[in-house]
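Asker: Please find one structure pasted underneath; my questions will follow.
What follows draws every value from the coordinates through simple rules; no lab data is involved. Just so you know, these numbers come straight off a predicted model, no measurement behind them. All Cβ positions, glycine included, derive from the backbone under ideal geometry; neighbour counts span all protein chains shown.
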Amino acid sequence: MSDTGQRWQQMRKQVPEDVELVAVSKFHPASQLLSAYEAGCRVFGESRVQELCAKHEALPKDIAWHFIGHLQPNKVKYIAPFVSLIHAVDTPKLLTEVNKRGLQNDRCIPCLLQVHIAQEETKFGFTPEELTAFLAEGSWRELRGVSIQGLMCMATNTDDMLQVRQEFARVLSLFQELKQRFFADNSEFAIRSYGMSHDWREAIGEGSNMVRIGTAIFGERTV
Ligand SMILES: *Cc1c(COP(=O)(O)O)cnc(C)c1O
C-alpha cells in the first residue's frame, strides 16, 4: 500500500470510531487522494472551489467532499450541487447564499457555523456573542435550503497546548449552550469540527467529534 494510504489507515485507527476523520487534501494531486481512497478514505476536505470541483470531477463518485476553507458567496454555486458539508460559514450573508443555491439544486445543504475563538486577527468567523445574537434573531429558521449542523473552529496557532485546550473547551461549552437554547428539538445540530494535525488529540479531549487532518496524512504542502 502507498505511504499515504498507510498514514490514513494509521490515523483512522488512532482517532476514536465515533469521531469523523476528514482527510484534508488541499494542494495535493488527485493521484494522492486516490491512494487514500484505495486505503478506505471516503471523506476529503478542500479549501479552494476550483480545486474541489476538479477533484470531484476526477475522482470516484462515492466520496463525501467537505469544503473547509473561507468561502466567497459568489462561488457557492459551483459546489452547491455536490458538496456534503460546508464547514466555515462565517457570515449571515454566506448562509443566505448557501440557502439560495441549496433551493436551486433541490438540496438542503449541511453547514457548520465558524466560531472565531483564536487570538489572531486573521481568522474568520462569528464571535460567540455575534453567533448567539444571530441565532436569537431567528430568521435562519426560515431557510429551507441549508441545515445548520454544528460549529467549526480553529485554535490559535501556538505551541501552548494549554491555551489550545482552553479555546476548544470554550467552543464546546458554546456548542452546548446553543444546542440547549436553539436546537433542543433538532438532532442534526450535533457536529463539533475542530482539531488538525498538531492539535487533534487536544480537540478530541475537549469534545470534538470531527477532526480535519491534512499534513499528518498527505505530508507537507508545498504551495
Ligand atoms: C489546512 C486546514 C486543515 C488541515 O491542517 P493540517 O495542519 O495540515 O492538518 C484543517 N482545517 C482547515 C480549515 C484548514 O485550512
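Asker: Sequence neighbours fewer than 8 away in the same chain don't count; with that in mind, list the aspartates and glutamates whose C-alpha is under 14 Å from K61.
Answerer: Those aspartates and glutamates meeting the cut-off are E38.
Asker: Please find the FRET efficiency linking K93 to A58, where r is the Cβ-Cβ separation and R0 is fixed at 25 Å, and quote it to the nearest 0.05.
Answerer: The pair K93/A58 has a calculated efficiency of 0.20.
Asker: Can you tell me the alpha carbon radius of gyration of the range 1-80 divided by the globular rule-of-thumb value 2.2 N^0.38 Å?
Answerer: 1.11
Asker: Tell me, what ³J(HN,Hα) does each residue in the range 176-185 have, in order and in whole Hz, if you take phi through Karplus 6.51 cos²θ - 1.76 cosθ + 1.60 with θ = phi - 60° and put x for Gly and Pro?
Answerer: Each residue's phi maps through the Karplus curve to give 5, 5, 5, 4, 5, 7, 10, 10, 4, 9 Hz.
Asker: How high is the FRET efficiency between K179 and S139 when r is their beta carbon distance and R₀ equals 22 Å, given to the nearest 0.05? Before the final figure, lay out the partial values.
Answerer: On the way: r = 19 Å, r/R0 = 0.88.
Calculated value: 0.70.
Asker: Run down the aspartates and glutamates and flag those whose C-alpha is under 13 Å from the C-alpha of K100, throwing out any fewer than 8 positions away in its chain.
Answerer: The reachable aspartates and glutamates, counting only those whose Cα sits under 13 Å from K100, are E142.
Asker: Work out how much length M1 to Q14 would gain on full extension: take 0.36 nm times their residue separation and subtract the Cα-Cα distance, in nm to one decimal.
Answerer: 2.8 nm
Asker: Separate question: On each of the three principal axes of the Cα atoms of the range 86-136, give max minus min coordinate, whole Å, ordered largest first.
Answerer: 39, 23, 15
Asker: With label points built 7 Å along Cα→Cβ from the Cα atoms of Q119 and H70, find their separation and express it in nm.
Answerer: Going by the 7 Å Cα→Cβ label model, 2.2 nm.
Asker: I need the per residue convex hull volume for the range 148-223, using only the alpha carbons, in cubic angstrom as a whole number.
Answerer: 98
Asker: Moving on. Near K13, which lysines are there with a Cα under 24 Å away, not counting those fewer than 8 places off in the same chain?
Answerer: K26
Asker: Which three extents, in angstrom, do the Cα atoms of the chain have along their principal axes, listed largest first?
Answerer: Over the chain, Cα extents along the principal axes are 51, 44, 32 Å.
Asker: With θ taken as phi - 60° and the coefficients 6.51, -1.76 and 1.60, list the Karplus ³J(HN,Hα) couplings across the range 22-34 in order, rounded to whole Hz; mark glycine and proline as x.
Answerer: 9, 7, 7, 9, 3, 6, 9, x, 4, 4, 6, 5, 5
Asker: So, one more: Give, in whole angstrom and from largest to smallest, the semi-axes √(5λ) of the equivalent ellipsoid of the range 85-201, with λ running over the eigenvalues of the Cα gyration tensor.
Answerer: 25, 15, 13
Asker: Check I191: other-chain or 5+ apart residues with amide H under 5 Å from its amide H, H built from backbone geometry?
Answerer: Under 5 Å from the amide H of I191: G150, L151.
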